[in-house]
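The values are calculated or read from the model by the stated rules, or taken from the named source; none is laboratory data. Keep in mind it's a predicted model, so treat the numbers as computed, not measured. Every residue, glycine among them, receives a Cβ derived from its backbone with ideal geometry; neighbour counts consider all protein chains shown. Note: accessible area is taken over every heavy atom of the protein model, side chains too, but ligands, DNA and RNA are not part of it. Shrake-Rupley method; radii C 1.70, N 1.55, O 1.52, S 1.80 Å.
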Amino acid sequence: MSTPPAAVPASSSAPAPVPYPFNDGGGLGLDDAYTAAQDAEGMIRVQLAYGEPAWLATRYADARFVLGDLRFSRAMSLEKDEPRFTPAVIEENILSMDPPHHTRLRTLVSRAFTKHQVEGLRPWVRQLTGELLDGLLARGGTADLVEEFALPLPVAVICELLGVPAGDRPKFRAWSDAALSTSILDAEEQHANQVALRAYMAEHVAARRADPRDDLMSALIEAKDVKDRLTEIELVDMCIAILIAGHETTASQIPNFVHVLLEHPEEWARLVIEPELIPTAVEELMRFIPLGVAGGFARYATEDIEVGGVLVRKGEPVLVAIGPANRDPRRFENPHEVRLDRKANQHLGFGHGVHHCLGAQLARLELHEALHALVTKMPGLRVVGEIEWKDQMIVRAPRRMTVGW
């Protein structure tokens, strides 16, 4: 267990940072150091493997404040030695932009992810989830829930939106794993991975430019070529961001959901009997599960700002730890319990503020339909053997989860 130092009030000098992240190994637990940090007076200081020390926001109110206040900048990270997991310096993209540049790019793709647009995909996604599970049921025996269900579903959806061949999944899965790795690649290898991924996406952009269709990539190409609203590299990088984010989170959360529910068998049994609870169950599981291995994407103060009793000086970074913030007893009653009918569940699982997850509605739909298919078609679902957890990644989830039914 890690032990954080005492926090520091606004009038004191910054304390020495402690190594971060606190958690190691597999599973979805939260280190006791997070509880100690939440109970401390103010915020604590932490040090990731690379970059400068940062304040760590672990309480819900502090986390929501930092994520939502425009006086905290992501763009400033490009000028600083941003706290990070790898030696590679983070390049400019939509995640490292502030308004109005961030707003310009986000607006271009937001139309494809409105609730109305996403709902139009529900019949197809429901059919897809059913076909995937029917294939497993017909085969009988056991299956790897990750490789044979949790990955193919969001990959098929995001590839449909972008016009990227689902058959290329092995390629972009390897690139995605490298992009989300904490230690697999050095700086040179990270750069080479980025170059290869950009070359791959640029090829598909060129093909779609020659043969436009009614999909998101064609809309972005039109925004670049006709309306001159983004550059070619912004176009390519936007497609990359959508490809990686569009499948990785859902592919990780499906087995995470199953793991938590089977660890709470009474809740799994309740969903089998009451599948109408699935919408609130998805929100509760998003709250309960700490997907990220640690706080990331530092926010830099553009002026002196007090956060949770600590004076964050202009130019200092703050890391937001969403996992513990979503388990903060000051905000959630009995936060370490799974309550599938929890009301007014304003969790931070999809972030908050201008960088709130653009694909949140799509992720919700996929998670709804995946969970609905599992509880209706495989009510006797069980884990067979040990779960193999991802390691050296910024997301926490099973890499392999063998299940029977």
| Which one of Asn326, Asn256 is closer than 30 Å to Pro152 by Cβ, of a type in the set (S, T, N, Q), out of contact with any Lys or Arg (no Cβ under 6 Å at 6 or more places or on another chain) and open to solvent by less than 10 Å² (accessible area, probe 1.4 Å)? | Asn256
| task | May I ask you to list the residues in the stretch 129-150 that are open to solvent by less than 30 Å² (accessible area, probe 1.4 Å) and either touching a His at 6+ places or on another chain (Cβ under 7 Å) or assigned to a helix (DSSP H, G or I) (or both)? | result | Thr129, Gly130, Leu133, Leu136, Leu145, Val146, Phe149, Ala150
| Of all residues making up the stretch 264-297, the number that are touching a residue at least 12 places away in the same chain (Cβ under 8 Å), open to solvent by 30 Å² or more (accessible area, probe 1.4 Å), out of contact with any Leu (no Cβ under 7 Å at 6 or more places or on another chain) and part of a helix (DSSP H, G or I) | 4
| Got a number for residues in the stretch 259-298 being over 29 Å from Leu95 (Cβ atoms), of a type in the set (A, V, I, L, M, F, W, C) and in contact with a His (Cβ under 7 Å, 6 or more places away or on another chain)? | 1
| query | Could you give every pair whose Cβ atoms fall below 8 Å, whose first residue belongs to the stretch 63-79 and is open to solvent by 40 Å² or more (accessible area, probe 1.4 Å), and whose second residue is of a type in the set (Ser, Thr, Tyr), counting only separations of at least 6 or pairs across chains? | reply | Arg71/Thr302; Leu78/Ser96
| note | Note on Val318: of the conditions (1) assigned to a helix (DSSP H, G or I); (2) open to solvent by less than 10 Å² (accessible area, probe 1.4 Å), unmet is (1)
| Does any residue of the stretch 232-240 turn out to be open to solvent by less than 10 Å² (accessible area, probe 1.4 Å), in a helix (DSSP H, G or I) and within 25 Å of Leu28 (Cα to Cα)? | no
| Just wondering, is there one or more residues in the stretch 223-244 that are over 23 Å from the mean Cα position of the chain (by Cα) and at positive phi? | yes
| said: Could you go through the stretch 102-119 and let me know if any residue there is within 22 Å of the chain's Cα centre (by Cα), farther than 16 Å from Arg229 by Cα and at pLDDT 95 or above. | reply: no
